[in-house]
Amino acid sequence: MILIKRVYLKPEKTDGIRILVDRLWPRGLTKEKAKIDLWIKDIAPSHELRNWYSHDPDKWHEFKKRYFKELKKKEELVQSVLNHASEKTTTLLFSTKEEEFNNAVALKEYLDKNRREP
């Protein structure tokens, strides 16, 4: 199971494996407080794509299209997250205040579409 959660929210046992999927470390958050098991910064959108998107909801569909194209070139990282998710609950962590239109939401959609059924 893959969940999504803002990294600033309190960690819970039900989060399972907590994976930060942002390129930048969350502001003002210590590693101890974040309780992050894995930081896969290279699975995040490229710096150029992140800057272009700038959390503009009007660009959401185009952002996902471009991000999915980037993810196709990162099969090893995608498979790593899918492997974790097949073993136990996996929570994708993001830092933005925008909870509906962010890279973790897009990544989960991509992972759900690319999950191989046993």
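Computed values, structure above
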{"read-out": "Within region 26-118, helices (runs of 4 or more DSSP H) holding 3 or more residues that are free of Cβ contacts under 8 Å to residues at least 24 places away in the same chain, surrounded by 10 or more Cβ atoms within 10 Å (Cβ to Cβ) and of a type outside the set (Lys, Arg)", "value": "47-53, 75-87"}
{"read-out": "Residue list for region 13-48, filter: at pLDDT 95 or above, over 13 Å from the mean Cα position of the chain (by Cα) and of a type in the set (Asp, Glu)", "value": "Asp15, Asp37, Glu48"}
{"read-out": "Of all residues making up region 1-25, the number that are in contact (Cβ under 8 Å) with a residue 40 or more places away in the chain, over 16 Å from Ser80 (Cβ atoms) and aliphatic (A, V, I, L, M)", "value": "5"}
{"read-out": "Subset of region 1-25 [part of a loop (DSSP other than H, G, I, E, B) and among the hydroxyl-bearing types (Ser, Thr, Tyr)]", "value": "Tyr8"}
{"read-out": "Only listed residue being within 24 Å of Met1 (Cβ to Cβ), over 15 Å from the mean Cα position of the chain (by Cα) and not aliphatic (A, V, I, L, M), chosen from Ser80, Ser95, Ser54, Ser86", "value": "Ser86"}
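The values are calculated or read from the model by the stated rules, or taken from the named source; none is laboratory data. Keep in mind the model is a prediction, meaning the values are calculated, not measured. Reconstructed Cβ throughout: ideal geometry from the backbone, glycine too, with neighbour counts over all protein chains shown.
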